[in-house]
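The next block holds one structure in the form of structure tokens; read it before the comments.
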Amino acid sequence: MKILVPVKRVIDYNVKVRVKADGSGVDLANVKMSMNPFDEIAVEEAIRLKEAGKADEVVLVSIGVKQAQETIRNGLAMGADRGILVTAAEDVHTDIEPLAVAKILKAIVDEEQPGLVIMGKQAIDNDMNATGQMLAALLGWGQATFASELAVEGDSAVVTREVDGGLQTIKVALPAVVTADLRLNEPRYASLPNIMKAKKKPVDEKTAGDYGVDVAPRLEVVKTSEPPTRQAGEMVGSVDELVTKLKAAGAI
Amino acid sequence: MAVLLLAEVAGGDLHIDATAKALTAAKALGEVTVLVCGPQAAGEAAATLDGVAKVLVADDAAYANTLAEPLADLVVSLAPGYSHIVAPATSDAKNVLPRVAALLDVMVISDISAVIDGETFERPVYAGNAIQTVRSKDEKKVISVRTSTFEAAGAGGSAPVEAAASAGDKGLSSWVEDKVDSSDRPELTSAKVIVSGGRGVGSEENFALIGALADKLGAAVGASRAAVDSGFAPNDLQVGQTGKVVAPELYIAVGISGAIQHLAGMKDSKIIVAINKDEEAPIFQVADYGLVADLFEALPELTGKL
Ligand SMILES: Cc1cc2nc3c(=O)[nH]c(=O)nc-3n(C[C@H](O)[C@H](O)[C@H](O)COP(=O)(O)OP(=O)(O)OC[C@H]3O[C@@H](n4cnc5c(N)ncnc54)[C@H](O)[C@@H]3O)c2cc1C
Ligand SMILES: Nc1ncnc2c1ncn2[C@@H]1O[C@H](COP(=O)(O)O)[C@@H](O)[C@H]1O
């Protein structure tokens with residue numbers, strides 16, 4: 001079985017986000033970019049399935065600017081086999097919406113015929129939490145989102161999902177789309193020899209046009225603003241003082 | 001404009017708080033029909049919410065476990081009558097709404113924090129470090145609502161309740177089991193007071209200190225991701241960018257450093273208290289009252305003095 005893993009290049013999760021003063025967006029020029037943390041988890045899970053003999057090839061896809069090539073290389077260094085880079089934008093500030101991403105991924109799935117797609121549950125830049133569900137819909141496949149455990153058993157997958165009330169386990173027929181939550185696994189670091197090897201692994205270069213997908217946004221971003229900042233508070237010297245203050249504020 | 005509001009149903013009961021908060025956002029968009037996928041009684045409960053024009057009840061085994069595929073098919077079958085499809089941004093709705101949107105060939109608008117007009121909304125991005133105002137060009141809007149930023153609609157309604165036809169189940173997935181954490185404490189997303197513990201609490205046993213303070217205050221218990229990952233607390237207590245988003249009257253963060261991913265889930269709380277032994281901890285930058293102390297001394301003392 002082949003596993004397809006879509007990986008997104010996003011601002012590194014440790015970087016402090018700066019909103020541009022003119023309201024036109026977030027400053028991404030000369031900012032450290034990394035693979036979306038959830039996607040690292042998805043890549044790790046796919047590699048583990050391959051190591052366990054449940055899959056024979058792990059293919060990565062990234063859609064966006066050409067620099068997303070680096071993101072694919074990072075995943076190849078972890079152990080994935082090959083990549084597909086779909087260039088769909090020139091400017092690093094252009095975000096391709098989940099619906100357009102899902103349409104491109106559908107076209108790739110039609111070509112590649114994977115038995116499983118594992119992706120992140122959420123991109124930490126747009127915080128949409130949508131692409132996996134959209135892809136499953138377009139393919140007419142079942143979906144298992146927010147996975148914290150995944151077991152491939154024959155022609156189905158048993159997935160434990162992190163839901164509001166606790167955990168839910170479902171069984172989904174393959175092929176299916178699974179989206180990874182934080183506790184699915186802990187991704188490995190790429191070793192130096194693997195980073196070198198990854199440079200030689202094949203990466204196909206495509207464009208959104210090759211798949212006939214219109215990536216024009218459906219949601220126009222009118223403006224981007226800073227969230228309201230909290231007023232600086234005060235330090236209290238003791239538990240007694242804390243209790244007094246909270247009572248005075250009517251909080252307890 | 002006509003709005004279809006997908007009610008939150010858990011274990012066969014209407015989740016009134018989440019539904020009533022999303023209803024407030026939905027009412028700003030037009031006349032609201034509430035779709036309840038669950039028993040008749042849950043539908044009748046929804047009918048008592050103020051400002052509901054009609055309730056549709058889909059009481060079918062296919063919807064009992066909130067599986068995304070049959071639910072999405074049902075919502076899509078009803079979609080022609082509505083300009084907006086809205087739901088509270090719960091894990092169930094986040095699972096199903098993007099699927100609905102893709103089937104309708106529209107973009108989903110996730111986690112809105114404000115309604116500007118029928119096609120313009122605000123939503124937090126980058127873990128709440130920026131707020132985007134987006135205008136949808138799609139004919140139909142599919143929207144999930146960040147419940148922590150909307151007041152719950154009140155009671156006093158008496159809307160008619162009708163049955164909705166099932167849209168069947170293609171059997172792409174099936175339910176195996178639920179592991180629900182049973183606790184007598186208030187639920188995180190509707191609690192007025194929350195006491196949250198982080199890695200600093202140190203162990204599952206020590207987490208009882210958090211519980212003891214919570215019980216004294218009638219509060220819900222929350223946790224940072226580090227506390228959940230370390231096994232101190234179950235996953236459904238995680239507050240943050242990728243956990244639950246809360247905005248209680250009082251949030252007490254104990255042994256939590258204040259990473260942006262955690263702040264994303266609680267920085268709209270009315271009053272924030274931080275107890276941390278490190279005076280440099282970033283949580284103090286958002287706290288109204290900060291106490292630099294060892295939690296193992298401060299927590300029992302605080303619980304004792306309340
Ligand atoms: C993609 C992604 C998503 C994430 N989503 C979330 C999320 O939703 N929610 C979330 O919380 N995190 C999330 N995180 C993790 C986040 O980045 C932090 O790692 C996490 O919040 C840290 O938890 P913590 O504050 O409990 O632990 P730490 O950062 O280790 O802080 C522990 C604190 O306890 C204090 N302490 C220790 N001992 C004592 C004592 N005896 N008395 C008093 N204080 C003490 C220390 O001074 C320290 O400040 C996410 C990370 C990523 C990459
Ligand atoms: N441009 C992209 N390229 C590759 N994968 C993507 C892209 N956008 C989203 N994804 C995948 O979809 C997941 C969810 O993203 P989102 O729906 O934007 O929150 C991510 O974790 C990725 O696995």
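The values are calculated or read from the model by the stated rules, or taken from the named source; none is laboratory data. Predicted model, so just to flag it, every value in this text is computed and none were measured. For neighbour counting, all protein chains shown are included, and Cβ atoms are generated from backbone atoms with ideal geometry for every residue, glycine included.
Inspect the stretch B:74-82 for any residue being within 9 Å of chain A (Cβ to nearest Cβ), buried (at least 23 other Cβ atoms within 10 Å of the Cβ) and outside any strand (DSSP E or B) and give the result as yes or no. No, the stretch B:74-82 contains no residue that is within 9 Å of chain A (Cβ to nearest Cβ), buried (at least 23 other Cβ atoms within 10 Å of the Cβ) and outside any strand (DSSP E or B).
Residues of the stretch A:37-81 that are within 16 Å of ligand 1 (Cβ to nearest atom) and farther than 14 Å from residue A:198 by Cβ: A:37, A:38, A:39, A:40, A:41, A:42, A:44, A:45. Could you list all residues from the stretch B:262-306 that are among the aliphatic types (A, V, I, L, M), within 7 Å of another protein chain (Cβ to nearest Cβ) and closer than 17 Å to residue B:127 by Cβ? Within the stretch B:262-306, just B:286 meets the criteria. Among the residues here, residue B:92 qualifies as at the interface with another protein chain (Cβ under 10 Å from one of its Cβ atoms), assigned to a helix (DSSP H, G or I) and acidic (Asp, Glu).
For the stretch A:132-145, check the following and say yes or no: at least one residue is within 15 Å of ligand 2 (Cβ to nearest atom) and within 10 Å of the chain's Cα centre (by Cα). Yes.
Under the condition of being away from ligand 1 (no atom under 12 Å from the Cβ) and touching a Leu at 6+ places or on another chain (Cβ under 6 Å), which residue from the stretch B:193-212 is farthest from the other protein chains (Cβ to nearest Cβ)?
B:195
When we screen B:181, B:138 for residues that are at pLDDT 95 or above, surrounded by fewer than 20 Cβ atoms within 10 Å (Cβ to Cβ) and touching a helix residue (DSSP H, G or I) at 6+ places or on another chain (Cβ under 9 Å), the only hit is B:138.
Take the conditions (1) within 21 Å of residue A:112 (Cβ to Cβ); (2) of a type outside the set (A, V, I, L, M, F, W, C); (3) touching an Asp or Glu at 6+ places or on another chain (Cβ under 6 Å); residue A:34 misses just one of them, which is (1).
Only residues that are in contact (Cβ under 8 Å) with a residue 40 or more places away in the chain and facing chain A (nearest Cβ under 9 Å) were counted across the stretch B:112-127, and they come to 2.
Considering (1) among the aliphatic types (A, V, I, L, M); (2) touching a strand residue (DSSP E or B) at 6+ places or on another chain (Cβ under 7 Å); (3) in a helix (DSSP H, G or I), the lone condition that residue B:256 does not fulfil carries the number (3).
When we screen B:208, B:212, B:227 for residues that are under 21 Å from the mean Cα position of the chain (by Cα) and of a type in the set (Gly, Ala, Ser), the only hit is B:227.
Total residues in the stretch B:253-269 satisfying the condition of being within 16 Å of the chain's Cα centre (by Cα) and of a type in the set (Ser, Thr, Tyr): the figure is 1. Considered as a group, the residues in the stretch A:15-44 that are modelled with pLDDT of 95 or more and polar (S, T, N, Q) include one that is surrounded by the most Cβ atoms within 10 Å (Cβ to Cβ), and that residue is A:36.
Conditions tested, residue by residue: (1) within 9 Å of chain A (Cβ to nearest Cβ); (2) within 16 Å of ligand 2 (Cβ to nearest atom).
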residue	(1), (2)
B:130	yes, yes
B:142	no, yes
B:146	no, yes
B:152	no, no
B:158	no, no
B:166	no, no
B:175	yes, no
B:183	no, no
B:191	no, no
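Filtering the stretch B:95-110 to residues that are within 18 Å of residue B:244 (Cβ to Cβ) and either at the interface with chain A (Cβ under 7 Å from one of its Cβ atoms) or surrounded by fewer than 24 Cβ atoms within 10 Å (Cβ to Cβ) (or both) leaves B:95, B:110.
Test residue A:100 against the criterion of being modelled with pLDDT of 95 or more, more than 30 Å from residue B:128 (Cβ to Cβ) and either in a helix (DSSP H, G or I) or away from ligand 1 (no atom under 16 Å from the Cβ) (or both), and give yes or no. For residue A:100, the condition - modelled with pLDDT of 95 or more, more than 30 Å from residue B:128 (Cβ to Cβ) and either in a helix (DSSP H, G or I) or away from ligand 1 (no atom under 16 Å from the Cβ) (or both) - is not met. If the Cβ limit is 8 Å and pairs must be 6+ apart or interchain, which residue in the stretch B:135-155 that is among the aromatic types (Phe, Trp, Tyr) pairs with which residue that is in a helix (DSSP H, G or I)? As it stands, the answer is B:150/B:21; B:150/B:22; B:150/B:24; B:150/B:25, since those pairs meet every condition given. All conditions but one from (1) surrounded by 22 or more Cβ atoms within 10 Å (Cβ to Cβ); (2) assigned to a strand (DSSP E or B); (3) at the interface with another protein chain (Cβ under 8 Å from one of its Cβ atoms) apply to residue A:117; the one that does not is (3). Residues in the stretch B:268-289 that are within 16 Å of residue B:224 (Cα to Cα) and of a type in the set (S, T, N, Q): B:269, B:276.
Of all residues being farther than 21 Å from residue B:152 by Cβ, more than 10 Å from chain A (Cβ to nearest Cβ) and aliphatic (A, V, I, L, M) in the stretch B:239-261, which is nearest to ligand 1 (Cβ to nearest atom)? Just the residue, please. That would be B:256.
No other residue among A:110, A:125 is more than 10 Å from chain B (Cβ to nearest Cβ) and surrounded by fewer than 23 Cβ atoms within 10 Å (Cβ to Cβ) apart from A:110.
If I filter the stretch A:76-84 for residues that are within 14 Å of another protein chain (Cβ to nearest Cβ) and in a helix (DSSP H, G or I), do I get at least one hit? Checked against the condition, which is being within 14 Å of another protein chain (Cβ to nearest Cβ) and in a helix (DSSP H, G or I), the stretch A:76-84 yields no hits at all. For the stretch A:128-155, the tally of residues that are within 9 Å of chain B (Cβ to nearest Cβ), part of a strand (DSSP E or B) and surrounded by fewer than 24 Cβ atoms within 10 Å (Cβ to Cβ) stands at 1. Residues of the stretch B:271-297 that are of a type in the set (D, E, K, R) and not in a helix (DSSP H, G or I): B:277, B:278, B:279, B:280, B:288, B:294. Among the residues making up the stretch B:213-232, those that are more than 10 Å from ligand 1 (Cβ to nearest atom) and crowded, with 17+ Cβ neighbours inside 10 Å are B:213, B:214, B:217, B:219, B:220, B:221.
None of B:300, B:248 is in a loop (DSSP other than H, G, I, E, B) and touching a residue at least 24 places away in the same chain (Cβ under 8 Å) except B:248.
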